[in-house]
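Data first, discussion second: the structure below is written as structure tokens.
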Amino acid sequence: KFVDSYLSLLNTRFESKLKIEIEASASSDDYIVPVSIQMLIENAVKHNEISDAYPLTIFIGRTEDYIVVKNSLRKKSMIGVQSGTGLENLRQQFARFTNRGIDVMRNRETFEVRLPVLKTEKE
């Protein structure tokens, strides 16, 4: 629900230049580090061109025990060096809860991050 609210704001800002596809469901014992999905969406918006010619497409889905956030890749020309601090912080946050790390994959067309779904411990 939190991600839906955030995406609603982005859709108001970017209109047809931002395309979102969500194919993820969760059970009551599924958890994820708070605002991690929002952070990945925010990074996609920050680092990629979003225009009529190059709309940004973001996919949020689930495979096995991971939430997948994947976006089209059309990097903005930005002044300065990108540090990767956001992804490193996300890695550290997940490391506090699980020994499964986040997976980052990039090719010429897409950028994808897989976040482990955390489960409650059975009593």
Lysine pairs meeting the criterion (Cα under 18 Å, 8 or more apart or interchain), as found in segment 3-123: 11
Rounded, prolate or oblate, given the Cα gyration tensor of segment 25-123, with a/c below 1.5 counting as rounded? prolate
Per-residue ³J(HN,Hα) for segment 23-36, Karplus 6.51 cos²θ - 1.76 cosθ + 1.60, θ = phi - 60°, Hz, x for Gly and Pro: 9, 9, 10, 9, 9, 5, 9, 8, 9, 8, 4, x, 6, 5
Between Ile67 and residues 5 or more places away or on another chain, which pairs have amide H atoms under 5 Å apart, with H built 1.01 Å from N, and which residues are they? Leu115, Val117
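Taken together, the values in this text are just the output of simple stated rules run on the coordinates, not laboratory data. Note that this is a predicted model, so its numbers are computed, not measured.
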